[in-house]
Every structure is written in structure tokens, then in C-alpha cells.
Amino acid sequence: LGSYEEASRLSEDASLNLLDRVTTMTDLERYDEAQPMCDEVISRMDSLLGEALHCKGMLHARRGRHEQAITLYKESIRVGGFDPPQTHFHLSLSLHSIGKYKEGWEHHAERKNDTSDPALFVPMRRFNRPLFQMQPAPATVHVHSESGAGDNLALLRFIPLLRDRGYKVHFECREDL
């Protein structure tokens, strides 16, 4: 944080330095200090508006205020930012948190366009066949692990449903599962 403060003092790009401080404060759970910095960047209406809205959405999401976070993430996507797939990913998490699964999964799928976080895009890009989108049976569905162990264990219950609907299901899991 001290380095970001010094960079703010020396640099012309005050908005970027403020957002760097916001992301660090978010990781440190210093949300009350980070919020006014987001608001300051938002009030400038400069090229970092989308990033500031995304950061403010993250602050709300971390506090469990998912409805407010959703509004901010959607506005961030509308005005544009550095990494729209990352914003879509965070939006999906907030939508899932309040039970809006269908819309959440639509935004979650945008991780295939991510270029900054290999954990998000590598699992989506390693196959050359189309994603399963409830094509009619008979069809083969390859289910693979890409999230945490808890997510994978929770979602295993859907595999028999696919099989019972006439799909041939392959399940690939990580070694720890």
C-alpha cells in the first residue's frame, strides 16, 4: 500500500493507482477504506470507469451484498473495462449466490474468453468439440473437473440425471478426487 501511495504521488495516472490500492485493500478486507477510492475514480468518469465499477462490485460481493454487486458488474460490462470475462465471472458468482443459476451460468461461460487467468480459461479451451448445451440424446457428454473439490462433489449428483435421460456420460476428475 505504501508503494501505491508513493506511485500516486509520483504518477500522472492517479485513477490506476487508486484502483491498485483498492484491489490490495479488498484482499486485506479493508472494504470501508477502499469504497471511497472506488467512488473517487467513478466520479472522474475517465477511461477506468469500468474497472472502478468492477472493483466496487467486488467490495459489495465480499460483504454479501450481491444485488448491488450485480448492478455494478452489469454496468461495468456495459461501459467496458480491461477484462470483461473476469467481470462476467464475478457477476456469475454473485448471481449464483442469490439463486439466479441460469443467468449465472450464462455469464460463467464467458471465462472461455479470459486471457488473464489460466485457471479460468484453460479448462474451457482444452477441448475442440462444442460445449454441451442440452443437445438431444443420444449424445456423449464429457464432464470434467475444473473447480474446487467441493464444487465437483456437489455437482456429481447430476451425472445420473444425464445418464437417465439417455446420454452416455464420461466423467474425468482430478487425481485428488
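The values are calculated or read from the model by the stated rules, or taken from the named source; none is laboratory data. Note that the coordinates shown come from a computational prediction; the quantities given were computed from them, not determined experimentally. For neighbour counting, all protein chains shown are included, and Cβ atoms are generated from backbone atoms with ideal geometry for every residue, glycine included. In case anyone asks, the SASA skips ligands and DNA or RNA and just uses the protein heavy atoms, side chains included. Shrake-Rupley method; radii C 1.70, N 1.55, O 1.52, S 1.80 Å.
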- [ ] Report the residue count in segment 149-172 for those that are over 24 Å from Arg125 (Cβ atoms) and either open to solvent by 60 Å² or more (accessible area, probe 1.4 Å) or among the polar types (S, T, N, Q) (or both).
- [x] 6
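If you check Glu175, Glu146, which single one turns out to be of a type outside the set (Gly, Ala, Ser), open to solvent by less than 60 Å² (accessible area, probe 1.4 Å), free of Cβ contacts under 8 Å to residues at least 60 places away in the same chain and in a loop (DSSP other than H, G, I, E, B)? Talk me through it step by step, then tell me what you get.
Details: Glu175 fails: open to solvent by less than 60 Å² (accessible area, probe 1.4 Å).
Result of the check over Glu175, Glu146: Glu146.
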- [ ] Any residue in segment 103-116 that's closer than 19 Å to Arg129 by Cβ: show its pairings with residues that are aliphatic (A, V, I, L, M) at Cβ separation under 6 Å, as long as the two are six or more apart or on different chains.
- [x] Arg111/Leu120; Arg111/Met124; Lys112/Met124
Open item on the list: Looking at Ala137, Ala119, Ala109, can you tell me which residue is modelled with pLDDT of 85 or more and assigned to a helix (DSSP H, G or I)?
Closed with: Ala109
Open item on the list: Taking the criterion of being farther than 29 Å from Leu59 by Cβ and either buried (at least 16 other Cβ atoms within 10 Å of the Cβ) or in contact with a Pro (Cβ under 8 Å, 6 or more places away or on another chain) (or both), would at least one residue in segment 125-141 satisfy it?
Closed with: yes
Task: Of all residues in segment 17-59 being among the acidic types (Asp, Glu) and over 19 Å from the mean Cα position of the chain (by Cα), the one that is nearest to Leu91 (Cα to Cα) - done: Asp39
